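All remarks here apply to the structure that follows.
The values are calculated or read from the model by the stated rules, or taken from the named source; none is laboratory data. Predicted, not measured: the structure shown is a model, and the values here were computed from it. Cβ sites come from the backbone with ideal geometry, for glycine too, and all protein chains shown count toward neighbours.
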Amino acid sequence: MIGQYSTGSIIAFFVTIGVFLWIDLHAHKKNEAITLRNAALWSCLWISLALSFGVYIGVSHGLDHMWLFFAGYFLEESLSVDNLFVIMAIFSAFAIKDEYRHRVLYYGILGALVMRMIFVAAGNTLVQLFGPYALAAFGLFVLWSAWKMWQQMQKPDEEIEDYSQHWSVRYTRKFIPVSPNMHGHNFFVKEASTPGGALIWKATPLFLCLVVVELCDVMFAFDSIPAIIAITQDPFLVYTSNIFAILGLRSLYFLMAAASNMLVHLEKAVIAILAFIGIKMLIGVAGLGHLSPLASLAVVLGLLASGIAASFIWPEKK
């Protein structure tokens, strides 16, 4: 996964991530609901960190690499909007209190660090093995994702899926004893297997919630990784831009929870971004044209800003 990047760049990335994750964990070690102010401050911190890393890439490897990193970063941030809404539904289904949600998202992102690396490695391997055929398949898949999002948006509001009965939860129950009750922020607890029986370790509903959140992130990676590969096939840029985007996902979640009813046209912008990425990839594979990294970044940011601006100019009527 090193590609044209030195071992020093790889180490710098993981050390930076590790240090700030440790700071994040200790800053939120108390079981307290995340305030809007706290979420805004940490969102600014994670965004500043991503921008700083992008500048570091520009200084060490050139501006084209920096623009590709930023394009991948903002693309993943825009695609994360749908992921945030699903997470809201998951927390509601499991009746997770506000003070425990940061803990679930924190450990969910630790798992995502590993899973996204596997996805990036798999995608890069497919590109190396099948070349333009793999890129064309990714382009068609991204267009199909945009089409499915458009179809879903046209449907009337439906009842939120009960994620507490998700197949991953039922599957987990077959292998791990599950306690019927919450036990604070604990993922596991010792309880008697039967009244008066020996104490055994059991998973709590909070752990089952974590399992579903992790699985949903894997499902969303099927959309986001091909979309970023459409912008750049450099595995280091794909992985780092992806990780910096999802690292700020927890803070962004608490901001989006407050603003979800305001950004009513953002999903349309996300669909337009996916359509642009898919078409760009297919045009590139066919040899009909090529957009510079800066142009790709400008289109992604322009569409994203248009969706946000439209939400304030033409708010949805109640």
Residue among V299, V264, V270, V285 that is of a type outside the set (S, T, Y), in a loop (DSSP other than H, G, I, E, B) and over 30 Å from I11 (Cβ atoms): V264
Residue in region 189-206 that is at pLDDT 75 or above, within 26 Å of I118 (Cα to Cα) and assigned to a helix (DSSP H, G or I) present: yes
Boolean, N31 is assigned to a helix (DSSP H, G or I) and either modelled with pLDDT under 80 or more than 27 Å from G278 (Cβ to Cβ) (or both): no
Criterion: among the polar types (S, T, N, Q), surrounded by fewer than 20 Cβ atoms within 10 Å (Cβ to Cβ), modelled with pLDDT under 80 and in a helix (DSSP H, G or I) - qualifying residue of S92, S60, S48, S43: S92
Qualifying position, being part of a helix (DSSP H, G or I), small (G, A, S), under 15 Å from the mean Cα position of the chain (by Cα) and modelled with pLDDT under 80, among A227, A258: A227
Verdict on W67 being buried (at least 20 other Cβ atoms within 10 Å of the Cβ), touching a Leu at 6+ places or on another chain (Cβ under 8 Å) and of a type in the set (F, W, Y): yes
Some residue of region 102-112 being closer than 30 Å to L282 by Cα, part of a helix (DSSP H, G or I) and of a type outside the set (D, E, K, R): yes
Residue match in region 233-249 (condition: within 10 Å of G72 (Cβ to Cβ), among the hydroxyl-bearing types (S, T, Y) and outside any helix (DSSP H, G or I)): no
